[in-house]
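The values are calculated or read from the model by the stated rules, or taken from the named source; none is laboratory data. All values derive from a computational prediction rather than experimental measurement. Ideal geometry is used to build each Cβ from the backbone, glycine not excepted, and the neighbour counts take in all protein chains shown.
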Amino acid sequence: MKYPAVLTGLFLLLAHCLYAGNPAPPSRDTSSVTTAIKLAHFYERSNLDSFTWYARNAYDLATRTHDRQGVADAGILLGNYHAGIGDYTQGIQDYQQAISIYDSLQQPSNAAWTYDQLAQLYKFLSGPNNTEQFIDRGIGYSYTAFDIYEKVKDTAGMIVSLNEAGILCRDKSNLPGKQHYIDTAFALYNKALLLYQLSGQGATTVPKLYNNISQVYMEDKHRPRIALSWLARAVALNEADHNPVGLTYNYNSIAQAWLQLGHIDSSLLYARKMLTLSRGLKLPVRTYESYQELYLAFNAGHRPDSALKYFILATSLNDSLTNLDKTKEVLYLQEKYEDVKKELDIHQLSEENVSKSKQIVLLTILTVFLVLLAAAFTYLIQRLRTQKQQISDQRQRLEVMLRELHHRVKNNLQIVSSLLSLQSYKSDNQDTVAILQESQQRVQAMSLIHQRLYKQGALSTVNIREFLEDLTASLLASYGYDKGNFDLRIEVSSEHLDIDHALPIGLIVNELVTNAFKYAYHGISQPSLSISLLQGNTDIVLCIRDNGVGMNEEQWSKGEESFGKQLIVALCHQLRARQQLTAGHGTGFIITIPRTAA
């Protein structure tokens, strides 16, 4: 199975000999340029010196022979080189020249590919501080590339652009107030992976997607073991493809995952593997991130000497990549500080010779100032007390208004429920009657929430136990079940629940319990239903189980899309909840809701 790789190596070796012994003729024959570009690609992942040599020679040859295609192709390679060593200005110029040529040659896919390289360069340029203006510029370039690929129906290119946009959105999520961008990044990665699964195109981007998805599981979902499973797949693909550059990213992520799990030795092992590959490939950006990972691992392992060593190495290398101008500015400011400091020392010496009479004057002024300050504080305290009383009065008025609002909402919902009930009596169509009755039950479920908010003292929390008891009692009566012959169990860990969670949870319970009463108990002599709502520090877990005829996961997922099911799915999406269905001796629904979702 390895013969194709051997033949490729022999072809490239023969091309190397032909290229070295035959300089390009002064005609428009582009064969030498093409050969040099192929050799540059061959060495791009393994030997930076050879890669650079062939890329530069391809560019020079193409320029001399007026081969515009060759100039653009070689220019991208040089742009990759300059971006990798931190010469971002030259890299941008290389890419922009290539885009201009591709546009004139009407090669949209090649132009889109170059836009993706520009997006990656701006990711490097944003540095460890994630400079927002550079990240936004990179996101714009990746979306431009995606639009071009989509127009020409280049699925593999679309996958590359989605991956690049996801990387930049994940970087932006680390900025204050931008945390929601991690959801955008995760959606972009999954969209790219779905395109690959549907088309089979873009396989070379798949290990990058696996690596990037693993980072979301670490940084946002805090599930490093799941991240490691994704990374194992990425490593396998990169090893099979002999891609050491890709492996540096995988080792970096693996080191982070082991660090999250507290396995310091494993984290150090993969950080050192990353450093060895990065140094061998002469990639300063990857080397910097290796230093950074080693610093974090040693610091977590309480080895301050080693941590300090790699912190200094990372800081020094980062300065050389992105902060040369800032370093000059700091040196200039430091010189100015030394001059000012000398002037202050001279001034301080002169102040020591001030007469005692002047000191008395200064003390007098200070005393007057303190008296005035005390008077000002007294005034401020009095003003604060007045404002506090005003705020208290306003709060009481707002509570009265809010209580009245809940009362009016409850009344309006009851009116809607009555209208639905009247309408159901006027209809002869049983399906219409059923729909109206179910709608009436949903309205009543919401009305119960507002009724409790109106009657109880707290205006933002609901007694969820009483609400569930009232709701299930109403549904039992609606569907003709005798409470005495029905085993109903309600378990609540904490009786009070905030309104933001109570309303959607109430609607979910209404739909699932209604579904059980309608379909679960046909032929069941002793029906039972259990509802539990357990509130933890991070999650709220809702569990509803019946002993009915049962429904499995396939029936739930492939069944007819009823309004009730659509409502449950929509409410779970709103709460960012995870659904789980269990079958066997009836049907159980487990819905896990993060507390921070609502």
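Here is a list of conditions, (1) out of contact with any helix residue (DSSP H, G or I) (no Cβ under 7 Å at 6 or more places or on another chain); (2) modelled with pLDDT of 90 or more, and Y270 meets all of them except one; can you say which number that is?
Y270 satisfies every listed condition except (1).
Scan segment 534-548 and give yes if some residue there is in contact with a Cys (Cβ under 9 Å, 6 or more places away or on another chain), aliphatic (A, V, I, L, M) and modelled with pLDDT of 90 or more, otherwise no. Give the derivation first.
Of segment 534-548, the ones in contact with a Cys (Cβ under 9 Å, 6 or more places away or on another chain) are 534.
Subset that is aliphatic (A, V, I, L, M): 534.
Pick out the ones that are also modelled with pLDDT of 90 or more and you get 534.
Yes, the conditions are met somewhere in segment 534-548.
So if I check each of I148, I159, I135, which one is part of a helix (DSSP H, G or I), within 17 Å of the chain's Cα centre (by Cα) and of a type in the set (V, I, T)?
I135
Provide a single number: the residues in segment 128-146 that are more than 12 Å from A112 (Cα to Cα) and buried (at least 17 other Cβ atoms within 10 Å of the Cβ).
Summing the residues that are more than 12 Å from A112 (Cα to Cα) and buried (at least 17 other Cβ atoms within 10 Å of the Cβ) in segment 128-146 gives 6.
Which of the numbered conditions does L247 fail, given that it passes all the others? Conditions: (1) closer than 24 Å to E293 by Cβ; (2) not assigned by TED's automatic domain parsing to the domain that holds H302.
The failed condition is (2).
Take K309 and decide whether it is among the charged types (D, E, K, R) and over 23 Å from G246 (Cβ atoms). So that I can check it myself, show each step before the final result.
Details: among the charged types (D, E, K, R): yes; over 23 Å from G246 (Cβ atoms): yes.
Yes: the conditions hold for K309.
Residues are listed down the side, and each one gets a yes or a no for (1) of a type in the set (A, V, I, L, M, F, W, C); (2) touching a Cys at 6+ places or on another chain (Cβ under 7 Å); (3) surrounded by fewer than 24 Cβ atoms within 10 Å (Cβ to Cβ); (4) closer than 13 Å to K123 by Cβ:
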position: I148; (1), (2), (3), (4): yes, no, yes, no
position: C169; (1), (2), (3), (4): yes, no, no, yes
position: K172; (1), (2), (3), (4): no, no, yes, yes
position: I182; (1), (2), (3), (4): yes, no, yes, no
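If we scan segment 212-233, do we find a residue that is at pLDDT 90 or above, crowded, with 18+ Cβ neighbours inside 10 Å, hydroxyl-bearing (S, T, Y) and farther than 22 Å from H41 by Cα?
yes
Looking only at helices (runs of 4 or more DSSP H) that fall completely inside segment 170-259, which ones have 1 or more residues that are within 21 Å of P128 (Cα to Cα) and within 16 Å of the chain's Cα centre (by Cα)?
Values: elements: 181-199, 206-219, 224-240.
The helices (runs of 4 or more DSSP H) meeting that bar are 181-199, 206-219.
Restrict the check to segment 468-477 and report whether at least one residue is part of a helix (DSSP H, G or I), in contact with a strand residue (DSSP E or B) (Cβ under 9 Å, 6 or more places away or on another chain) and surrounded by fewer than 13 Cβ atoms within 10 Å (Cβ to Cβ).
The initial filter retains those residues of segment 468-477 that are part of a helix (DSSP H, G or I), namely 468-477.
Then drop every residue that is not in contact with a strand residue (DSSP E or B) (Cβ under 9 Å, 6 or more places away or on another chain), which leaves 468-469, 472-473, 476.
Subsequent filtering for residues that are surrounded by fewer than 13 Cβ atoms within 10 Å (Cβ to Cβ) retains 473.
So far as segment 468-477 goes, yes, one or more of its residues are part of a helix (DSSP H, G or I), in contact with a strand residue (DSSP E or B) (Cβ under 9 Å, 6 or more places away or on another chain) and surrounded by fewer than 13 Cβ atoms within 10 Å (Cβ to Cβ).
Which numbered condition trips up T514, out of (1) of a type in the set (S, T, Y); (2) in contact with a Leu (Cβ under 9 Å, 6 or more places away or on another chain); (3) surrounded by fewer than 16 Cβ atoms within 10 Å (Cβ to Cβ)?
Condition (3) is where T514 drops out.
From the residues in segment 489-502 that are of a type in the set (A, V, I, L, M) and within 12 Å of N463 (Cα to Cα), which one is surrounded by the fewest Cβ atoms within 10 Å (Cβ to Cβ)?
In the first step, residues of segment 489-502 are kept if they are of a type in the set (A, V, I, L, M); the result is 490, 492, 497, 499, 502.
Subsequent filtering for residues that are within 12 Å of N463 (Cα to Cα) retains 492, 497, 499, 502.
Details: V492: 19, L497: 21, I499: 17, A502: 23.
It comes out as I499.
Quick check: anything in segment 57-78 within 38 Å of the chain's Cα centre (by Cα) and of a type in the set (D, E)?
Yes, there is a match, as at least one residue in segment 57-78 is within 38 Å of the chain's Cα centre (by Cα) and of a type in the set (D, E).
Select the strands (runs of 3 or more DSSP E) contained entirely in segment 481-586, then report the ones holding at least 2 residues which are within 17 Å of L468 (Cα to Cα), aliphatic (A, V, I, L, M) and in contact (Cβ under 8 Å) with a residue 40 or more places away in the chain.
487-492, 528-535, 539-546
All but one of (1) touching a helix residue (DSSP H, G or I) at 6+ places or on another chain (Cβ under 7 Å); (2) closer than 16 Å to N250 by Cβ hold for M158; state the number of the condition that does not hold.
M158 satisfies every listed condition except (2).
Looking only at residues that are modelled with pLDDT of 85 or more and in contact with a helix residue (DSSP H, G or I) (Cβ under 7 Å, 6 or more places away or on another chain) in segment 478-488, which one is surrounded by the most Cβ atoms within 10 Å (Cβ to Cβ)?
Going through segment 478-488, the residues modelled with pLDDT of 85 or more turn out to be 486-488.
Then keep just the ones that are in contact with a helix residue (DSSP H, G or I) (Cβ under 7 Å, 6 or more places away or on another chain); that gives 486, 488.
Details: F486: 15, L488: 17.
Across segment 478-488, the extreme among qualifying residues is L488.
Filtering segment 59-89 down to residues that are within 13 Å of L125 (Cα to Cα) and of a type in the set (V, I, T), which residue is surrounded by the fewest Cβ atoms within 10 Å (Cβ to Cβ)?
The residue in question is T89.
Of all residues in segment 274-310, which are closer than 16 Å to L48 by Cα and either among the β-branched types (V, I, T) or assigned to a helix (DSSP H, G or I) (or both)? First the steps, then the outcome.
First, pick out the residues of segment 274-310 that are closer than 16 Å to L48 by Cα: 275-287.
Across segment 274-310, the qualifying residues are L275, T276, L277, S278, R279, G280, L281, P284, V285, R286, T287.
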